[in-house]
Amino acid sequence: MHDAQEKPFDFMGFRKIATILSITLLVLAIGLLAVRGLNFGMDFTGGTSVEFEYQQAPALPEIRTALSDAGYEQFVVQNFGSDKTVLVRLSESGNDMLAQEITSTLTAGGAELKLISSEFIGSQVGEELKEDSGLGMLIALLVVLIYVGMRFQFKFGIAAVLPLAHDVIIVLGIFSLFQWTFDLTVLAALLAIIGYSLNDTIVVADRIRENFRTMRVGDSWEVINTSIHQTISRTINTSGTTLVVLIALYVFGGEAINGFALALIIGVVVGTYSSIYVSANLLIALGVSREDLILPVKEGVVGQDEDEKPPEWLNRM
């Protein structure tokens, strides 16, 4: 545990600056989404999916070059199941004729392959995916609100859910700004961001709750500031090691997961910031106090209740 005489860094001293920054980023992100929208991938817009089996494992960059030289613009090339099976997804709508044209393009360089299947995905399926994905995120946020509200207190539930929405909107705004492709892998990353950011927020909230019950002096501002100070090393270590893995995935993982890794990298950075500042700011704005977290006195119990003692894993920080 940190030395009792150690003076906590004044995180909350930057509260107003953080508030202005968050509001500015949210306004810009919402404006970009309203004006430019998202560059939806073929998962949402529809297109043609063609699967090939090669006799020898092909070089995917060569396949992409061949398709580009043939005039195809929006497509994704990736291995599917094995290194000899390749899945080509194109934004063009077509039928068996399009699949045969792609086959001819790829065999023109002497490659030996076999067309396994071709499938057309209509735009109606994409619209349903958009609606279902949006509904899924809303349900996830609602479940988080209910859980945190029951586990801690309703004010903590609000202070946990709003930062999650803050993180998702900012990530979407950045994707809109640069018009990066938004597909199902990026959607999966957004859901992962919700889980990651929530975990970080819960750790801080747990320490805030325990300090409200154990610190005999200090107002809400001081208790929250001390709690962030006590958990900041854990937050930085977790975020740092996670970013190392995600950057490696982005650099070496290939085109198929670039969007997923990129969204998570942005989400981890924004989520770490929101766990420290957005959530804490909201708790102060909502007026959280000791009275909100005081435990009912149990008859026959003398002294501090066991539930009031900080968990051992927090004491070791």
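The values are calculated or read from the model by the stated rules, or taken from the named source; none is laboratory data. If you're wondering where the values come from, they're calculated on a predicted model, not measured in any experiment. Cβ placement follows ideal geometry from the backbone for every residue including glycine, while neighbour counts extend to all protein chains displayed. These accessible areas exclude ligands, DNA and RNA; they are computed on the full protein's heavy atoms, side chains included. Shrake-Rupley method; radii C 1.70, N 1.55, O 1.52, S 1.80 Å.
Some observations on this one:
- For segment 30-93, the share of accessible area belonging to carbon and sulfur comes to 49 percent (1.4 Å probe, ligands and nucleic acids excluded).
- Over segment 229-292, the hull volume per residue, using the convex hull of the C-alpha atoms, is 86 Å³.
- Loop sites here are trypsin sites (Lys or Arg not before Pro) outside DSSP states H, G, I, E and B with no more than 10 other Cβ atoms within 10 Å. The longest part of the chain free of them is 1-215.
- Segment 6-61 pair-distance distribution - Cα-Cα, 10 Å bins, rounded %: 15, 20, 19, 16, 16, 11, 3
- Gap separating the Cα centres of segment 175-205 and segment 137-157, nearest whole Å: 17 Å
- The Cα atoms of segment 1-95 define a convex hull whose projected area, averaged across directions, is 13.2 nm².
- Calculated translational diffusion coefficient of segment 188-237 (10 °C, 1.306 mPa s; Stokes-Einstein with Kirkwood radius over alpha-carbon pairs) equals 135 µm²/s.
- Building the convex hull from the alpha-carbon atoms of segment 174-262 and averaging its projection over directions returns 7.1 nm².
- Computed from Cα atoms alone, the Kirkwood hydrodynamic radius reported for segment 109-237 is 17.9 Å.
- Percent of C-alpha pairs per 5 Å bin, segment 147-213, short to long: 4, 15, 23, 20, 13, 10, 8, 4, 2, 0
- Averaging over all projection directions, the Cα-based convex hull of the chain occupies 20.2 nm² in the image plane.
- Under 5 Å from the amide H of Phe40 lie the amide H atoms of Phe182, each residue being 5 or more positions distant or on a separate chain, with H modelled from the backbone and absent for Pro and chain starts.
- Cut-off of 10 Å, at most 14 other beta carbons, DSSP loop: longest stretch of the chain lacking such GluC sites (Glu not before Pro): 113-298
- Mean ellipticity per residue at 222 nm, deg cm²/dmol - from DSSP H runs of n ≥ 4 across the chain, formula -39500 (n - 2.57): -21000 deg cm²/dmol
- Space enclosed by the convex hull of the alpha-carbon atoms of segment 69-163, per residue, Å³: 159 Å³
- For segment 123-167, the ratio of Cα radius of gyration to the globular rule of thumb 2.2 N^0.38 Å stands at 1.44.
- Between segment 4-77 and segment 249-276, the alpha-carbon center distance in angstrom: 9 Å
- The residues of the chain expose, per residue, 53 Å² of accessible area to a 1.4 Å probe.
- Between helix 184-214 and the chain: long-axis angle, C-alpha atoms, 0 to 90°, nearest 10: 10 degrees
- Ellipsoid semi-axes in whole angstrom, largest first, where each is sqrt(5λ) of the Cα gyration tensor of segment 145-301: 34, 15, 13
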